[in-house]
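K.L.:
Got a structure for you, questions after.
None of the figures in this text is laboratory data; all of them are computed from the coordinates on show. This one's a predicted model, so the numbers in the text were calculated from it and none came from an experiment. For neighbour counting, all protein chains shown are included, and Cβ atoms are generated from backbone atoms with ideal geometry for every residue, glycine included.
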Amino acid sequence: MRPEIENAQTLVVKIGSSLLLKNEALNHQWLAAMATDLAGYHAAGKKLIIVTSGAVSLGYAALGFARTGLTRDQMSLEQSQAAAAAGQIELAQGWRAALAEQGLAAAQILLTAEDTEQRRRYLNARQTLTTLMTHGAVPVINENDTVATQELRYGDNDRLAARVAAMVSADCLILLSDIDGLYDADPTQHKDANFIDHVSHIDAHIEAMAGGTGSSHGSGGMVTKLQAAEIAQRAGCHMVLASGRDNAPLSALANGARSTVFMAHDNPHSARAAWIAGGLQPGGSLHLDAGAVAALRAGKSLLPVGLTGLDGQFERGDCVALLDADGQEIGRGLSAYASEEAKRMVGLSSDAVHDTLGYRGRDEMVHRDDMVLHAAQSEKGQ
Ligand code: GLU
């Protein structure tokens, strides 16, 4: 098996409609074999997320559109959003049953592009996904097609899966498709097309190969697969593109079936740290007491009790500078509270925070996973 899969602690598997459906119904045999393979990974201690398509196709059948003579391509936006609503319930039920058969709990999450791109929502989605995986559940994700408006939709689950992988700091994303990887020309047109085993950087040369392989591969085609690979690589996540056509594709990969791997440029933790430290403009600053600074240096989260004050106006999920008692910046992090709420929480214990806010929010002001500390300054004169 590829070490990128074998060594992954958090694995996202993206499954396209054409693999999951047979004659416009769920292919239960395929699903059962997939659940068996996933259970094997779960037992080996990997955290798993499934990104699955199929809602629109299942809903097209469930709503009887074919009988009215309407083809898939002729569906209006409203009709395909209605189809997604009708099909999603069946898709979720199929996954729930297949995973339950293996003793695994499934948890449905429907995301829009905004949920993965706006930091305010992103922190929530990340936290929920992490909590589910910590409790051994398998999140089953699709795009929330029913409410996403045209201009805000991903429309393809390739990029959605890559954003999810980046959001949870996954180390490997497997895109199962109806093609076994990247070729330097369209293999259906050119018998001598060469298979590409791995890609370090996506450059114009690689992009030209994707253009050459046409758009018959799923809703996104090879172009969206490369876009997904770029998102994953930048987030420190490997992406493996492999065929999911036959039953048990994960077993096939373990037994040496070929695939193309797009190598991560970094590891997920340093990629996230670089994003927090340098990629975001701080919207304000939090002043910390000496106890909080010591706790942070010892790897703890920042609690409201360690706050002595704050400056600036920021929203939940915004980047803030963390300042010590001398006003020196010791690091940066994503604030779990907006500045208006944070002002009321300065110096309060967690219990007092809940009484003051009137609801149960997060215990941490800045979670340690959402924080980067600058290297401690050496002593004076050295
Ligand atoms: N979200 C769509 C569905 O469930 C599929 C998008 C895609 O095919 O990538 O039907």
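K.L.:
Determine, from the Cβ-Cβ distance of Thr68 and Glu114 and an R0 of 22 Å, the FRET efficiency 1/(1 + (r/R0)^6), rounded to the nearest 0.05.
P.N.:
With R0 = 22 Å, the Cβ-Cβ based efficiency is 0.10.
K.L.:
Using the 2.2 N^0.38 Å rule of thumb for compact globular proteins, work out how the stretch 311-382 stacks up: its C-alpha Rg over that value, please.
P.N.:
Cα-based Rg divided by the globular estimate yields 1.26.
K.L.:
A further question on this structure: Identify, among Ile141, Asn157, Thr131, the residue whose Cα sits farthest towards the positive end of the charge dipole of the stretch 68-180, taking +1 on the Cβ of Lys and Arg and -1 on the Cβ of Asp and Glu, with the dipole about the Cα centre.
P.N.:
Working it through, the farthest residue towards the positive pole turns out to be Thr131.
K.L.:
Just need log10 I(q)/I(0) for the stretch 277-343 at q = 0.16, 0.25, 0.26 Å⁻¹, Debye formula, equal scatterers on the alpha-carbon atoms, no solvent, rounded to two decimals.
P.N.:
-0.45, -1.14, -1.22
K.L.:
Sticking with this one: Work out, in µm²/s and without decimals, the Stokes-Einstein translational diffusion coefficient of the stretch 222-374 at 20 °C, 1.002 mPa s, Rh from Kirkwood over C-alpha pairs.
P.N.:
121 µm²/s
K.L.:
For the stretch 319-382, which GluC sites (Glu not before Pro) are both in a DSSP coil and crowded by at most 11 other Cβ atoms within 10 Å?
P.N.:
Loop-located and lightly packed - Glu379.
K.L.:
Another question, if that's okay. Restricting to bridges with both residues inside the chain, how much of the DSSP beta-bridge set is antiparallel, in percent to the nearest 5?
P.N.:
40 percent
K.L.:
For Ser200 and Thr128, compute 0.36 nm times the residue count separating them, minus their Cα-Cα distance, and round to one decimal in nm.
P.N.:
Gain on extension, Ser200 to Thr128, equals 22.7 nm.
K.L.:
With runs of 4+ DSSP H residues as the only contributors, calculate the mean residue ellipticity of the chain at 222 nm using -39,500 (n - 2.57) per run, divided by the residue total and rounded to the nearest 500.
P.N.:
-11500 deg cm²/dmol
K.L.:
Which lysines have a Cα less than 28 Å from the Cα of Lys46, not counting those fewer than 8 places away in the same chain?
P.N.:
Lys14, Lys225, Lys300
K.L.:
Another one. So how much slack lies between Ala100 and Asp311, counting 0.36 nm per residue of separation and subtracting their Cα-Cα distance, in nm?
P.N.:
Between Ala100 and Asp311, full extension yields 71.0 nm more.
K.L.:
Using a simple charge model, +1 on the beta-carbon of Lys and Arg, -1 on the beta-carbon of Asp and Glu, nothing else, what dipole does the stretch 223-328 show about its Cα centre, in debye to the nearest 20?
P.N.:
600 debye
K.L.:
Write down Rg/Rh for the stretch 17-86, rounded to two decimals, with Rg from the C-alpha atoms and Rh from the Kirkwood relation over Cα pairs.
P.N.:
Rg divided by Rh gives 1.12.
K.L.:
Provide, for q = 0.06, 0.07, 0.10 Å⁻¹, the log10 of I(q)/I(0) from a solvent-free Debye sum over equal Cα point scatterers in the chain.
P.N.:
-0.27, -0.37, -0.71
K.L.:
Let me ask you something else. Between Val261, Val168, Val353, which gets the highest mean-square fluctuation from a Gaussian network model of the chain, Cα cutoff 10 Å?
P.N.:
In the Gaussian network model the winner is Val353.
K.L.:
Right, next: In straight Cα distance, which aspartates and glutamates are under 19 Å from Lys47, not counting same-chain residues fewer than 8 positions off?
P.N.:
Within reach: Glu4, Glu6, Asp37, Glu101, Asp171, Asp369.
K.L.:
Which residue fluctuates most in the GNM of the chain (Cα springs below 10 Å): Asn255, Asn27, Asn124?
P.N.:
The residue with the greatest mean-square fluctuation here is Asn255.
K.L.:
What residues have an amide H closer than 5 Å to that of Ala106, excluding those fewer than 5 places away on the same chain, when H is modeled at 1.01 Å from N in the peptide plane?
P.N.:
Correct list: Val138.
K.L.:
Please check: in the Gaussian network model of the chain (C-alpha springs, under 10 Å), which one of Gly16, Gly103, Gly221 has the largest mean-square fluctuation.
P.N.:
Gly103
K.L.:
Positive end of the charge dipole of the stretch 171-326 (Lys, Arg +1 and Asp, Glu -1 on Cβ, about the Cα centre): tell me which of Thr224, Ala257, Leu322 has its Cα farthest that way.
P.N.:
Checked the options; the winner is Ala257.
K.L.:
How large is the charge dipole for the stretch 292-378, taken about the Cα centre, if only the Cβ atoms of Lys, Arg (+1) and Asp, Glu (-1) carry charge, to the nearest 20 debye?
P.N.:
In debye, rounded to 20, the stretch 292-378 gives about 180.
K.L.:
Need the full-extension length gain, Val147 to Arg344, defined as separation in residues times 0.36 nm minus the C-alpha distance. One decimal, nm.
P.N.:
Answer, rounded to one decimal: 67.4 nm.
K.L.:
Can you list, largest first and rounded to whole Å, the semi-axes you get for the stretch 42-188 by taking the square root of 5 times each eigenvalue of its Cα gyration tensor?
P.N.:
26, 19, 18
K.L.:
Let me ask something additional. In what sequence do Lys225, Lys191 fall when counting other Cβ within 10 Å, fewest first?
P.N.:
Lys191, Lys225
K.L.:
When the dipole is taken about the Cα centre of the stretch 1-94, and only Lys, Arg (+1) and Asp, Glu (-1) are charged at their Cβ, what size is it in debye, to the nearest 20?
P.N.:
80 debye
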